[in-house]
Amino acid sequence: MTAALDATRLIEIRRDLHRNPELSHRESRTASRIVEVLRELGYEPRTGIAGHGVVVDLEGAHPGPTLLMRADIDALPIQEESEHDYASRNEGVMHACGHDVHTTIGLGVASHLIARRAELHGRVRFVFQPAEEAAPPPGQAIGAERMVQEGVLDAPSVDAAFALHVMPLLDVGRIGFTGGPVWAASELFDIHIRGKMAHGAYPHEGIDPIVAGAQLVQALQTVVSRTVDAREACVLSVCRFDAGTAYNIIPERAHLQGLLRTLDPAVRDLALQRMAEVVRHTAAALGCDAELQTVRGTWLTANCPTLERFAIETIVDRVPGLEATPFKPQMGAEDFAAFSRRVPGCYLFLGVRNEARGITHMIHTPRFDVDERCLELGTLAMVEALLATGARWGELGPTLQVPPV
């Protein structure tokens, strides 16, 4: 029987990944390390999926469903500020979102389940996903969506998908669940404004796109404050404003860029409709032409409440040292939605905070770290959730649904 990776080995793997982070689309060493560990465990993984993705199936001893477990593998363009010996060795690149932890837990789960194959009903598909952090180019798919396009949900078809994410707002030993929406749907927008160039000393001879852009920054806030029900979650942020080339020239064009985040498809549709109206009419009132362009960043990540509830009850019952706690949906975005909008999903938050040791910094910051006890706890949580879901699929499966996104 293959021996499962113990806590010491999990820490060793996580620290190796943390020392050697790689950005989206460049995860070649990370993928090689994943393959190396999987082969040590007795797997023969498929590589090169959606770039540097790695996929492998574990067939159980009993009939049952195909359950997917996703672990993202890429890092962020952040310079780490850490005195630890496992700090990043790659200048300007850091595992600041815990993907080193997710990858390590994925390998840990793979090691436990192959050792407990006799208990497994159906199969588990381990998906080590690249490019979760990258924004998709217009009209192109990357990350999870590209993996789906390349068949990761097929042959045999996946019946449900699981993932977890480190959360520094939760103490180590806690696992968070939302009861529905988890991460927001993301729309990326560009606003192109066209006026008429003029000398800055003679503004009456031109049409100023900067003034129109400034008005739009303000007017767009009314989409949230005066259009969307205050009881609904909606974030609209203008994050970039480009215009002009000199002190004394009113330019012809201005460009705004930003994002819209929502937790309800109806709210998203309403906000997009109102944004288009505000852009068109505000610019026109100031004599400018304006065009709103939107690109879907990610879909809403939402759990199947029945699957989530079953997983949480199982984890609390079977994993000593883990307590479940309700946790609010986050307005960040996650491309796990590529899976959970097609099959029932269960996405949980893993506590990593330890205030006594100063482990309190948020994800996407240069001092982010985790209490490494989370590695074994997260591994055992996912092992038990996957085993129980497979064993109870006959009664559980027909009750599961994909929430509207």
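Observations
To keep it simple, each residue is scored yes or no on (1) surrounded by 15 or more Cβ atoms within 10 Å (Cβ to Cβ); (2) closer than 28 Å to residue 65 by Cα; (3) basic (Lys, Arg).
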residue	(1), (2), (3)
372	yes, no, no
375	yes, yes, no
396	yes, yes, no
401	no, yes, no
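- Residue 322 being within 30 Å of residue 371 (Cα to Cα), outside the structural domain of residue 195 (by TED's automatic domain parsing) and in contact with a Cys (Cβ under 6 Å, 6 or more places away or on another chain): no
- Taking the numbered list (1) touching a helix residue (DSSP H, G or I) at 6+ places or on another chain (Cβ under 7 Å); (2) hydroxyl-bearing (Ser, Thr, Tyr); (3) exposed (fewer than 14 other Cβ atoms within 10 Å of the Cβ) in turn, residue 247 passes all entries but (1).
- Look at (1) without any contact (Cβ under 8 Å) to a residue 40 or more places away in the chain; (2) over 15 Å from residue 193 (Cβ atoms); (3) not in a helix (DSSP H, G or I) and you find that residue 226 fails only one, number (3).
- Cβ separations smaller than 7 Å between residues 6+ apart or across chains give the following pairs from region 140-163 residues that are outside any helix (DSSP H, G or I) to residues that are of a type in the set (A, V, I, L, M, F, W, C) and at pLDDT below 95: 142/134.
- Considering residues of region 325-339 that are buried (at least 19 other Cβ atoms within 10 Å of the Cβ) and of a type in the set (Gly, Ala, Ser) only, the residue farthest from the chain's Cα centre (by Cα): 338
- Enumerated strands (runs of 3 or more DSSP E) restricted to region 1-106, each holding at least 1 residues that are out of contact with any strand residue (DSSP E or B) (no Cβ under 6 Å at 6 or more places or on another chain): 46-49, 62-72
- The lone exception for residue 252 - which of (1) closer than 30 Å to residue 332 by Cβ; (2) more than 27 Å from the chain's Cα centre (by Cα) it fails: (1)
- Given (1) surrounded by 17 or more Cβ atoms within 10 Å (Cβ to Cβ); (2) assigned by TED's automatic domain parsing to the domain that holds residue 317; (3) among the hydrophobic types (A, V, I, L, M, F, W, C), number of the condition residue 135 does not satisfy: (1)
- Residue in region 169-188 that is farthest from residue 259 (Cα to Cα), counting only those that are among the aliphatic types (A, V, I, L, M) and either part of a strand (DSSP E or B) or touching a His at 6+ places or on another chain (Cβ under 6 Å) (or both): 175
- There is at least one residue in region 369-386 that is in the same structural domain as residue 124 (by TED's automatic domain parsing), in a loop (DSSP other than H, G, I, E, B) and closer than 21 Å to residue 90 by Cα.
- Pick from region 152-172, criterion touching a Lys or Arg at 6+ places or on another chain (Cβ under 8 Å) and within 30 Å of residue 59 (Cα to Cα), ranking: surrounded by the fewest Cβ atoms within 10 Å (Cβ to Cβ): 156
- Test: residue in region 24-33 that is surrounded by fewer than 17 Cβ atoms within 10 Å (Cβ to Cβ), farther than 21 Å from residue 368 by Cβ and in contact with a His (Cβ under 8 Å, 6 or more places away or on another chain): yes
- Here the condition is being free of Cβ contacts under 8 Å to residues at least 12 places away in the same chain and in the same structural domain as residue 334 (by TED's automatic domain parsing); of 91, 27, 22, 40, it holds for 40 alone.
- Identity of the residue in region 190-223, touching a His at 6+ places or on another chain (Cβ under 8 Å) and among the β-branched types (Val, Ile, Thr), that ends up farthest from residue 297 (Cα to Cα): 193
- The sole residue among 289, 242 that is more than 27 Å from residue 336 (Cβ to Cβ), more than 33 Å from the chain's Cα centre (by Cα) and among the acidic types (Asp, Glu) is 289.
- Residues of region 184-221 that turn out to be among the hydroxyl-bearing types (Ser, Thr, Tyr) and surrounded by 14 or more Cβ atoms within 10 Å (Cβ to Cβ), as a count: 1
- Residue match in region 340-356 (condition: in the same structural domain as residue 111 (by TED's automatic domain parsing), among the charged types (D, E, K, R), crowded, with 17+ Cβ neighbours inside 10 Å and part of a strand (DSSP E or B)): yes
The values are calculated or read from the model by the stated rules, or taken from the named source; none is laboratory data. Computed from a predicted model, the values in this text were never measured in an experiment. Virtual Cβ from ideal backbone geometry, glycine too; neighbours counted across all protein chains shown.
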